[in-house]
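Below is one structure, written out as structure tokens; comments come after it.
The values are calculated or read from the model by the stated rules, or taken from the named source; none is laboratory data. This structure is a prediction, so every number in the text was calculated from the model and none was measured. With ideal geometry, Cβ positions are generated from the backbone for all residues, glycine too; neighbour counts draw on all protein chains shown. Please note that ligands, DNA and RNA were not included when accessible areas were found on the heavy atoms of the full protein model with its side chains. Shrake-Rupley method; radii C 1.70, N 1.55, O 1.52, S 1.80 Å.
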Amino acid sequence: MVATAQAGDLAAFNQLVERYQTTVYNVCLRMVGEASAEDAAQETFFAAYRSLKSFRGGAFRGWLLRIASNQCYDQLRQRQRRPADVLEDDAPVVDPEPLPEHVVLSAETVAILEQAIAQLPPEQRLCVLLIDVQGLDYDEASQAMGVNLGTVKSRLSRARARLRELLGPEFRRKEGE
Amino acid sequence: MLSPYVDGQTSLPERRAVEAHLGECDLCRAELADLRALKGLLAQLPRREPPRAFVLGPRAVRPAALSGAFSGFVRAATSIAAALAFLAVGMSLFLQG
């Protein structure tokens, strides 16, 4: 499908869009906040279409998320704000709809986790979103982040330590449940 | 080392070293439990549905729409080229006369 898309088949490309748009949107959402996530995601797919020929194989998702990451970093740089403002100024990420039944976390826990993630420096935030939230392995995360494996490991380690600090007593309470 | 260990991203010697240490260190065992719990929580964050589809329409991928600046350049270059062609024709007619 990627090869067909690279040959110029828009329908094939759009099948790829449909396969990955939820993942891309969710990464953008927690990187730049709800108000800007839609733009960031759409720009990601425009940019991906324009640069399809540069995809040389490997995980397409990793390649696509590299583009998404760059879009998110660009947006954040343009704002020149502290990472904590991501959620404060944008509409809250937690939507008011009740969560589907299979989700174990309460809406309150989700909000606490998302607030903590939003306070991480962008590079650490991306790392946690890709690996712990989206489930990428270190190799694919390395591709998406454009850094080597060693950097992925150390960044993730710091991000998790920071999250545990931010979550503090709340985290301990959840742990006990 | 515990963070990559939790993800199975340590080499065999590293893993053995971590496990040997865990056998004798309560603090690290507690930290390991914390890391696993954190991973578990993060993995359960809900996947939000995008507000709309992001598929590209045929109009969206026309060269003019993909890069407004580029198409402006093309328009300018085209008119310069047309002006030069006109000039060239005019010059050749002049030279022939």
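Does residue A:61 satisfy the criteria of being open to solvent by 60 Å² or more (accessible area, probe 1.4 Å), closer than 19 Å to residue A:146 by Cα and in a loop (DSSP other than H, G, I, E, B)?
Working: open to solvent by 60 Å² or more (accessible area, probe 1.4 Å): yes; closer than 19 Å to residue A:146 by Cα: yes; in a loop (DSSP other than H, G, I, E, B): no.
Here the answer is no, as residue A:61 does not meet what is asked.
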| Quick check: anything in the range A:71-80 at pLDDT below 95, part of a loop (DSSP other than H, G, I, E, B) and open to solvent by 30 Å² or more (accessible area, probe 1.4 Å)? | yes
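Checking the conditions here, which among A:24, A:2 is in contact with a Ser or Thr (Cβ under 7 Å, 6 or more places away or on another chain) and in contact (Cβ under 8 Å) with a residue 12 or more places away in the chain?
Numbers: A:2 fails: in contact with a Ser or Thr (Cβ under 7 Å, 6 or more places away or on another chain).
On inspection, the qualifying residue turns out to be A:24.
Which one of these is under 25 Å from residue A:74 (Cβ atoms), open to solvent by less than 30 Å² (accessible area, probe 1.4 Å) and part of a helix (DSSP H, G or I): A:113, A:156, A:167, A:136? Lay out the reasoning, then the answer.
Values: A:113 fails: under 25 Å from residue A:74 (Cβ atoms); A:167 fails: under 25 Å from residue A:74 (Cβ atoms); A:136 fails: part of a helix (DSSP H, G or I).
Result of the check over A:113, A:156, A:167, A:136: A:156.
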| said: Going through A:47, A:41 one at a time, which residue ends up being facing chain B (nearest Cβ under 7 Å), under 20 Å from residue B:59 (Cα atoms) and surrounded by 16 or more Cβ atoms within 10 Å (Cβ to Cβ)? | reply: A:41
| task | Report whether or not residue B:31 is touching a residue at least 24 places away in the same chain (Cβ under 8 Å) and either within 36 Å of the chain's Cα centre (by Cα) or open to solvent by 50 Å² or more (accessible area, probe 1.4 Å) (or both). | result | yes
